[in-house]
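Since every read-out is calculated from the coordinates, none of them should be taken as a lab result. Every value quoted in this text rests on a predicted model; they were computed, and no experiment measured them. For neighbour counting, all protein chains shown are included, and Cβ atoms are generated from backbone atoms with ideal geometry for every residue, glycine included.
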Amino acid sequence: MTNGSSHAVPATGAHRVVVIVDENSNPFELGCATEVFGLRRPEIGRDLYDFRLCSPEPRTLMRDGFFTLAGVDGLEAADTADTLVVPNRPDVEVPRRPAVLDAVRRAHARGARLIGLCSGAFTLAEAGVLDGRRATAHWQWADSFRARFPRVRFEEDVLFVDDGDVLTAAGSAAALDLGLHVVRADHGAEIANSVSRRLVFAAHRDGGQRQFVERPMPDLPDESLGPVLHWAQERLEAPLTVPDLAARAAVSPATLHRRFRAQLGTTPLAWLTGQRLALACRLIEHGESRFEVVARRSGLGTAARLRTLMRRERGITPSAYRSRFGPGAG
């Protein structure tokens with residue numbers, strides 16, 4: 001496998017994203033970073049990033065020896081990164097080589113943005129750049145991470161954490177969530193939506209959404225919530241309540257609550273509120289500037305409730321969200 005950057009001509013002065021690949025790195029997260037940051041974007045009309053892969057060795061054996069990566073830049077390329085994606089691997093107990101940790105520290109010291117995908121949070125923590133900071137990783141390593149790095153404010157069961165210049169994502173697909181979040185912050189919502197469409201992936205899953213931890217399958221697969229969810233999503237502007245959802249599903253509210261817990265890991269009310277807030281965000285992204293209209297059309301009722309929920313769930317005001325993700329942002 002050769003460096004994908006050799007096949008692209010980045011725009012002059014483009015933000016440079018460099019991914020460090022080290023021995024036994026996971027191919028999936030490497031693929032996610034390449035898909036989000038490294039591909040050419042003819043549908044947009046320009047490349048979003050100047051993308052590079054680098055490694056401490058000329059040949060890098062990837063996870064479980066599936067393949068060997070060669071033909072990429074040397075580790076010195078990390079010193080040119082505006083955003084540095086650090087390596088991850090399944091064996092989190094094996095320390096990173098000092099040269100990699102030094103590269104991470106240098107990048108942090110000069111103000112580069114750092115991204116850890118899945119177990120990449122361990123690399124950042126080993127480098128000492130997460131002390132006193134918020135971070136996450138895959139739920140299965142939560143106890144190990146807390147024990148080894150007690151000075152890090154570890155947040156369990158979230159998809160990703162944006163702590164300013166240091167960002168971390170939980171396992172596997174959450175790498176795509178964080179990547180798209182970064183594209184939204186850098187280039188605006190419309191560009192991020194275009195990238196997500198090419199990926200055939202959800203345009204926006206908030207970082208605070210729960211990781212999909214192991215749960216038993218429902219006893220009755222034919223009791224899927226799919227039909228009632230689809231029905232509700234088409235009627236978010238209406239004054240829907242949990243009893244309305246239960247009536248549509250032809251079950252009691254208590255039964256509906258149990259099914260939501262079993263199948264989605266949340267409550268009907270929390271799901272309904274989340275869907276309405278997501279719709280409100282889309283309305284703002286597409287140019288609706290009147291927050292009273294946004295609140296009404298999304299079923300949230302009032303602009304005051306919209307502001308309260310945006311602050312609580314997104315950590316941002318509607319006005320600030322419009323500035324970051326509305327038309328013309330980025």
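Our compactness index for segment 127-191, the C-alpha radius of gyration over the empirical 2.2 N^0.38 Å, is 1.17. Remark: segment 271-286, residue by residue, has Karplus-estimated 3J(HN,Hα) of 5, 4, 5, x, 5, 5, 5, 4, 5, 4, 5, 5, 4, 5, 4, 8 Hz, where x stands for each Gly or Pro and the curve is 6.51 cos²θ - 1.76 cosθ + 1.60 at θ = phi - 60°.
Evaluating 6.51 cos²θ - 1.76 cosθ + 1.60 at θ = phi - 60° for every residue in segment 110-124, the Karplus couplings come out as 8, x, 5, 7, 10, 10, x, 9, 6, 6, x, 4, 5, 4, 4 Hz, glycine and proline recorded as x.
For residue 50, the residues 5 or more places off, or on other chains, whose built amide H falls under 5 Å of its own are 15, 16, 17. Ordering 61, 30, 83 by Cα displacement along the dipole of the chain toward the positive end leaves 83 in first place; charges were set at the Cβ atoms of Lys, Arg (+1) and Asp, Glu (-1). Per-residue Karplus couplings for segment 59-71, computed as 6.51 cos²θ - 1.76 cosθ + 1.60 with θ equal to phi - 60°, are listed in order as 10, 10, 7, 7, 3, 6, x, 4, 7, 10, 9, 9, x Hz, Gly and Pro entered as x.
When 323, 196, 25 are sorted by how many other C-beta atoms sit within 10 angstrom of their C-beta, beginning with the fewest, the order is 323, 196, 25.
Where does the charge balance sit around residue 25 when Lys and Arg score +1, Asp and Glu -1, over other residues with C-beta under 10 Å from its C-beta? In short, -1. Annotation: amide H-H contacts under 5 Å for residue 85 (H modelled 1.01 Å from N, sequence separation of 5 or more, or interchain): 18, 19, 20, 115. Projected onto its three principal axes, the C-alpha set of the chain covers 62, 45, 36 Å, listed from the longest axis down. Comparing mean-square fluctuations of 182, 158, 94 from a GNM of the chain with C-alpha springs under 10 Å, the top value falls on 94. For segment 4-199, the orientation-averaged shadow of the C-alpha convex hull comes to 10.2 nm² (one quarter of the hull surface).
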